[in-house]
Amino acid sequence: MPEHRKLLYQLTVDGNKQSKPELDEQEFEEIGFVVMDSLNSTIPIKITIWQNGFLKSITGIVTKVDLLMKYIVFETDNKQRTLKVEEITVAERV
């Protein structure tokens, strides 16, 4: 019976997953502007990322952008997170 519960839970989780939003060039440019503003002016921004079928919002300050390796370092509440550029779906000024 525990394996049935696990399977039912997994089916529920899989049913709630979303497909990755497709960004057009204008949306991608806007994300770049907001990220660079945060990096240059140390202003907080809210980034929405897509991971494993779910969207998550994170608020913080961009501390590093690596265009070659396509990631940013994002500081939230004294923690640093490395986010892949392809995971970012929305970036907004707070």
Among the numbered criteria (1) modelled with pLDDT of 90 or more; (2) over 15 Å from Glu87 (Cα atoms), which single criterion is violated by Asn16? (1)
Given the stretch 50-94, what strands (runs of 3 or more DSSP E) lie entirely inside it while holding 3 or more residues that are among the small types (Gly, Ala, Ser) and in contact with a Phe, Trp or Tyr (Cβ under 7 Å, 6 or more places away or on another chain)? none
Being modelled with pLDDT under 90 and among the polar types (S, T, N, Q) is the filter; apply it to the stretch 43-59 and report the residue that is least open to solvent (accessible area, probe 1.4 Å). Gln51
Output the residues belonging to the stretch 64-94 that are more than 16 Å from Leu23 (Cβ to Cβ), open to solvent by less than 60 Å² (accessible area, probe 1.4 Å) and hydroxyl-bearing (Ser, Thr, Tyr). Tyr71, Thr76
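The values are calculated or read from the model by the stated rules, or taken from the named source; none is laboratory data. Being a predicted model, the structure only gives us computed values, none of them experimental. Positions of Cβ are generated from backbone atoms using ideal geometry, with glycine treated the same way; all protein chains shown enter the neighbour counts. For accessibility, only protein heavy atoms count, side chains too; no ligands or nucleic acids. Shrake-Rupley method; radii C 1.70, N 1.55, O 1.52, S 1.80 Å.
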